[in-house]
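The values are calculated or read from the model by the stated rules, or taken from the named source; none is laboratory data. Small disclaimer: the values here were computed from a predicted structure and weren't measured. With ideal geometry, Cβ positions are generated from the backbone for all residues, glycine too; neighbour counts draw on all protein chains shown. Ligands, DNA and RNA are stripped out before the accessible areas are found, and what is left, the full protein with its side chains, is counted by its heavy atoms. Shrake-Rupley method; radii C 1.70, N 1.55, O 1.52, S 1.80 Å.
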Amino acid sequence: MVRLSTIYTRTGDDGSTALGSGQRVAKHAPRIEAYGTVDEANACIGVVVVAAQRAGEGRLAEVLLSIQQDLFDVGADLCVPIESGETLGARLRVQASQTARLERLIDEHNADLAPLKSFVLPGGTELAAQLHVARTVTRRAERVVAFLCESERGATSEETMKYLNRLSDLLFVLSRWANHSKASGGAGDVLWVPGANRTENPGA
């Protein structure tokens with residue numbers, strides 16, 4: 001059980017912070033950047049939860065709240081480097097079953113959507129736009145974790161990267177789903193039109 005009684009400790013005033021293992025590292029270390037960006041993605045999803053509730057999409061809000069729980073698991077996994085000989089269950093690690101659940105949610109929400117004929121612009125309803133913001137931040141978190149997995153190979157769970165990969169895919173599908181939902185007033189996808197604002201004369 002986590003218990004926080006003191007919010008400020010002053011121990012980070014020198015630009016360092018403690019990992020879950022107790023090791024102190026610079027606040028700009030790749031591992032801190034990784035779980036810090038996951039936290040940022042989680043905060044973006046929190047904004048989407050509020051938008052979903054306001055739009056009357058209670059089921060979507062529940063799905064996103066469960067994902068927020070998962071993202072704390074991802075952060076907990078990333079903040080403790082894997083030690084040589086670590087026994088199964090010794091630490092909270094993201095499981096393949098959590099990633100598989102995202103795949104099922106993708107299939108569920110994508111089932112009734114028409115195949116895309118162009119790229120989708122981030123927008124449409126307020127809910128869809130917020131989902132796109134969460135998607136792009138999640139993609140950034142995935143890139144940062146991918147760098148961490150490469151730079152600290154063996155010390156970082158690759159399942160965290162897989163989870164974030166699927167999550168960004170799910171958020172994209174949910175943004176399309178929101179733009180087709182009657183409850184949230186969606187009118188369909190907002191598609192990219194290549195060269196829409198180009199002039200006839202390229203030199204003009």
TODO: Give me a count of the residues in the range 56-75 that are within 30 Å of Arg24 (Cβ to Cβ) and open to solvent by 30 Å² or more (accessible area, probe 1.4 Å).
DONE: 4
- [ ] Return yes or no: is Gln53 open to solvent by 40 Å² or more (accessible area, probe 1.4 Å), within 14 Å of Tyr163 (Cβ to Cβ) and modelled with pLDDT of 90 or more?
- [x] no
- [ ] Within the range 9-26, identify whether any single residue is open to solvent by 20 Å² or more (accessible area, probe 1.4 Å), modelled with pLDDT of 95 or more and within 27 Å of Arg143 (Cβ to Cβ), and answer yes or no.
- [x] no
- [ ] Please identify the pairs in which a residue from the range 82-99 that is within 14 Å of Glu159 (Cα to Cα) and among the hydroxyl-bearing types (Ser, Thr, Tyr) has its Cβ atom under 7 Å from the Cβ atom of a residue that is open to solvent by less than 60 Å² (accessible area, probe 1.4 Å) and at pLDDT 95 or above, counting only partners at least 6 apart or on another chain.
- [x] Thr99/Glu159; Thr99/Tyr163
Task: Unique residue being farther than 19 Å from Arg166 by Cβ, under 12 Å from the mean Cα position of the chain (by Cα) and not β-branched (Val, Ile, Thr) when the list is Gly89, Gly46 - done: Gly46
- [ ] May I ask you to verify whether Glu200 is of a type in the set (D, E, K, R), under 30 Å from Glu33 (Cβ atoms), open to solvent by 30 Å² or more (accessible area, probe 1.4 Å) and more than 17 Å from the chain's Cα centre (by Cα)?
- [x] no
